[in-house]
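For reference, the structure is listed below as C-alpha cells.
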Amino acid sequence: MSIHSRQLSGALLAGILLSASAAPMRAYAGDWNFQVLLDGKPIGSHHFQVTEQGMATSVLSEADFRVSVLAVPFYRYRHVSHESFQGDCLQSLEASTSENGVNQDVSGSASDSAFVVTTPQGVTRLPACVMTFDYWNPRILQQSRLLNPQTGAYLPVVVTHLGSEVLSLGGNSDTAETYLISADTMKIKLWYSADGRWLALESPTPDGRLMRYQLR
C-alpha cells in the first residue's frame, strides 16, 4: 500500500475499517482496469478480475509498475494474487510480489476454526472469516481488520466517510461517495458510485508524491 522499495506497495495494498455512513453494500463481479499515475505521470497498471458462481467468488489481481528518473529505471514492482471467497469469507490466497528484484510469496487457506497464513516469516492463525484489502467490495468498509495479501499482515484499519464529491471519469462527471482510509502511516482516498462500484483511488506516498488509480 513506497515508491522506493516497500512504501509504494504498502500504500496500494493498505486496508479499510468501519464506516458509520450508509455506504452501499453491494459487491460487484467484473473487471477493473486502472491506469496508475505518480504525480500525474503514468507508471503502470493494476487489473482486477472478479468472477462469481453462486456464493463463491474468485479474484485475480495483477499490478505492474515501473518508475524512472531521466529515463533511468530505479523502481520496479510486480504483484499477482489469486483469492477465493465463500460469501465474504476468504477461503484461499496465493500471492507473489517482486519489488526491485526482492521476491515474497504469501499463501493462506481456511479451516473450520481459522484462516492460516504462511509467509517467509512463519505461520499465523487468523479468525476463520477474514477479508482482504479488495476495494472492489465495499463491504470491507464494515471490517475492523483486513488482511494484506502482499505481506500477510492482518491490520487494524479506519475509514472516514467524507461525503459526496463530483468525480470526472472518461470525460463524464458524476457524484461519488468518498472515503478517507487510514492504516498505519498510510492515508488512502477512495471513490464509489452511488450503487457501490469502486471508481478511483488516490494516496500520498511517504516521500510526498501523489499516486492515483483512474479507470481506463
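The values are calculated or read from the model by the stated rules, or taken from the named source; none is laboratory data. Since the structure is predicted, the reported quantities are computational estimates derived from the model, not experimental observations. All Cβ positions, even for glycine, are placed from backbone atoms using ideal geometry, and neighbour counts span all protein chains on display.
Structure data summary
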quantity	calculated
Residue in region 182-189 that is of a type in the set (D, E, K, R), at positive phi and part of a loop (DSSP other than H, G, I, E, B) present	yes
Complete set of residues in region 47-92 that are within 22 Å of SER111 (Cβ to Cβ), among the small types (Gly, Ala, Ser) and part of a strand (DSSP E or B)	ALA56, SER58, SER81, SER84, SER92
Which listed residue, of GLY122, GLY170, GLY101, is small (Gly, Ala, Ser), exposed (fewer than 15 other Cβ atoms within 10 Å of the Cβ) and modelled with pLDDT of 95 or more	GLY122
Condition broken by VAL106, with the remaining ones in (1) in contact with a Gly (Cβ under 9 Å, 6 or more places away or on another chain); (2) surrounded by fewer than 18 Cβ atoms within 10 Å (Cβ to Cβ); (3) not hydroxyl-bearing (Ser, Thr, Tyr) satisfied	(2)
Failed criterion for GLN142 (all others in (1) touching a Ser or Thr at 6+ places or on another chain (Cβ under 8 Å); (2) modelled with pLDDT under 95; (3) surrounded by 19 or more Cβ atoms within 10 Å (Cβ to Cβ) hold)	(3)
Residue check, LEU180 in contact with a His (Cβ under 9 Å, 6 or more places away or on another chain) and either over 22 Å from GLN104 (Cα atoms) or among the small types (Gly, Ala, Ser) (or both)	yes
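A quick yes/no check of all residues on (1) of a type outside the set (S, T, N, Q); (2) crowded, with 17+ Cβ neighbours inside 10 Å:
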residue: GLY44; (1), (2): yes, yes
residue: THR57; (1), (2): no, yes
residue: LEU60; (1), (2): yes, no
residue: SER81; (1), (2): no, yes
residue: PHE85; (1), (2): yes, yes
residue: LEU90; (1), (2): yes, yes
residue: LEU93; (1), (2): yes, yes
residue: ALA110; (1), (2): yes, yes
